[in-house]
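Report on one structure; see the data block that follows.
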Amino acid sequence: MSMLTTLPLHRNQISDLSPLENLTNLTSITLQHNQISDISPLSVMNSLTSLNLYSNPLNCPAHDIYIPMIETNNPGINLTYDPRPEYCDYQPDINVSPLIYDFGDVELGTYRTVLITISNIGNGNLTFESLEFTPESSGDFTVTSSPELPSVVAPEGSVDVEVTFAPSTEELLSAVLEISSDDPDEPVVPVSLVGVGVVIPVPPAEQIERILEFFDKSIEDGTLVCVGPGQSGANRCKAFRNMLKATSDLIVGEYFDDAYEQLVNILKKCDGQVPPPDFVAGEARDELARMIMELMEDLESEEELL
């Protein structure tokens, strides 16, 4: 089969020419009256003297790219085909920006977004067909906003796609978003994305302020309640807050050992263990205790550095 020089295949309802790619000895092919649109497999041949493509629905790349290539590779070829369709003069041309984007360092538990603009710089309508991440892409990158697909973009028009990076691990992460359209030259445009998940330490002085804010807000919204008979409950809450404020002053003064000991006493009053009795209760108590224990761990680290 590979030694064939002449191949008559007219009137056979043929549409796929890829099986012909390896028949490099062919000199004459008759393909008229078929259903061929893509002739790219013929562009590798360089021994053709005659090629008949008459009465086939050749696509625009066939006329604009592959017929000139076949003529260049086969000088003097007798090449027959239908006139180039007028609609080939009105072609979309996709432009995507940015093609590469670095989200930089993004703290775990937060996110950052980028808008990817898909423009049509051609003179025919562009059909924006799909958005897909490649299989090896990190799942921490997601498309959070896009037009309903498929979407038609008129000449000189554009649409935006929002991609969000929300890192879940402390490492370098990457993804490739493939944008598919009916652009004849670039049917798939890849956008490379990269970002780093990081943990940004919160200074002890800021942590104790957050604890104070959390305490005040929880008392206000009722998720933290004062414990004790009569007026003693309110007095205990006041004492609890005063202890937190004293801890804040110790941390600002960098008396980390003293601040740590103060937090040990505070934790005993909100840990759900008796004795001693808790000063506060409610659904916010466990979170308050967790925040205090986290600050205690960080104070130990600060003391080691001094």
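Being outside any loop (DSSP other than H, G, I, E, B) and not charged (D, E, K, R) is the filter; apply it to the stretch 259-277 and report the residue that is surrounded by the most Cβ atoms within 10 Å (Cβ to Cβ). Spell out the reasoning first.
Looking only at the stretch 259-277, we keep the residues that are outside any loop (DSSP other than H, G, I, E, B), and these are 259-268.
With the extra rule that they be not charged (D, E, K, R), the set shrinks to 259-260, 262-267.
Working: 259: 25, 260: 21, 262: 19, 263: 22, 264: 11, 265: 11, 266: 22, 267: 16.
Out of the qualifying residues, it is 259.
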Within the stretch 7-23, tally of residues that are exposed (fewer than 12 other Cβ atoms within 10 Å of the Cβ) and either at positive phi or not assigned by TED's automatic domain parsing to the domain that holds residue 35 (or both): 1
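For the condition among the charged types (D, E, K, R) and either free of Cβ contacts under 8 Å to residues at least 12 places away in the same chain or more than 24 Å from residue 203 (Cα to Cα) (or both), what is the one hit in 278, 271? Before you say what the answer is, go through the steps one by one.
Working: 271 fails: either free of Cβ contacts under 8 Å to residues at least 12 places away in the same chain or more than 24 Å from residue 203 (Cα to Cα) (or both).
None of the other options fit; the residue is 278.
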Which number in (1) over 30 Å from residue 158 (Cα atoms); (2) among the acidic types (Asp, Glu); (3) touching a residue at least 24 places away in the same chain (Cβ under 8 Å) marks the one condition that residue 38 misses? (1)
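Does residue 300 satisfy the condition of being out of contact with any Gly (no Cβ under 9 Å at 6 or more places or on another chain), among the charged types (D, E, K, R) and part of a loop (DSSP other than H, G, I, E, B)?
On the way: out of contact with any Gly (no Cβ under 9 Å at 6 or more places or on another chain): yes; among the charged types (D, E, K, R): yes; part of a loop (DSSP other than H, G, I, E, B): no.
Criteria not met by residue 300.
Is it the case that residue 263 is at pLDDT 90 or above and farther than 26 Å from residue 300 by Cα? Explain how you work it out, then say what you get.
Working: at pLDDT 90 or above: yes; farther than 26 Å from residue 300 by Cα: no.
When the stated conditions are applied, residue 263 does not pass them.
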Residue list for the stretch 132-148, restricted to those being surrounded by 15 or more Cβ atoms within 10 Å (Cβ to Cβ) and more than 10 Å from the chain's Cα centre (by Cα): 146
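Any residue at all in the stretch 229-237 that is part of a loop (DSSP other than H, G, I, E, B), touching an Asp or Glu at 6+ places or on another chain (Cβ under 6 Å) and farther than 26 Å from residue 206 by Cβ?
Step one: list which residues in the stretch 229-237 are part of a loop (DSSP other than H, G, I, E, B), which gives 229-231.
The next check asks that each one be touching an Asp or Glu at 6+ places or on another chain (Cβ under 6 Å); those that pass are none.
No, the stretch 229-237 has no match at all.
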Per the list (1) in the same structural domain as residue 41 (by TED's automatic domain parsing); (2) out of contact with any Phe, Trp or Tyr (no Cβ under 9 Å at 6 or more places or on another chain); (3) surrounded by fewer than 15 Cβ atoms within 10 Å (Cβ to Cβ), residue check on residue 170 breaks on (1)
Quick one: residue 129 ticks every box in (1) of a type in the set (Asp, Glu); (2) assigned to a loop (DSSP other than H, G, I, E, B); (3) surrounded by 14 or more Cβ atoms within 10 Å (Cβ to Cβ) except a single one, so which number is it? (2)
Conditions (1) under 30 Å from residue 160 (Cβ atoms); (2) outside the structural domain of residue 157 (by TED's automatic domain parsing): number failed by residue 34: (1)
Pick from the stretch 109-126, criterion modelled with pLDDT of 95 or more and touching a Phe, Trp or Tyr at 6+ places or on another chain (Cβ under 9 Å), ranking: surrounded by the fewest Cβ atoms within 10 Å (Cβ to Cβ): 113
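The values are calculated or read from the model by the stated rules, or taken from the named source; none is laboratory data. Note that the structure is a prediction, hence the values are computed from the model and not measured. A quick note on method: Cβ atoms are made from the backbone with ideal geometry, for glycine too, and the neighbour counts reach across all protein chains shown.
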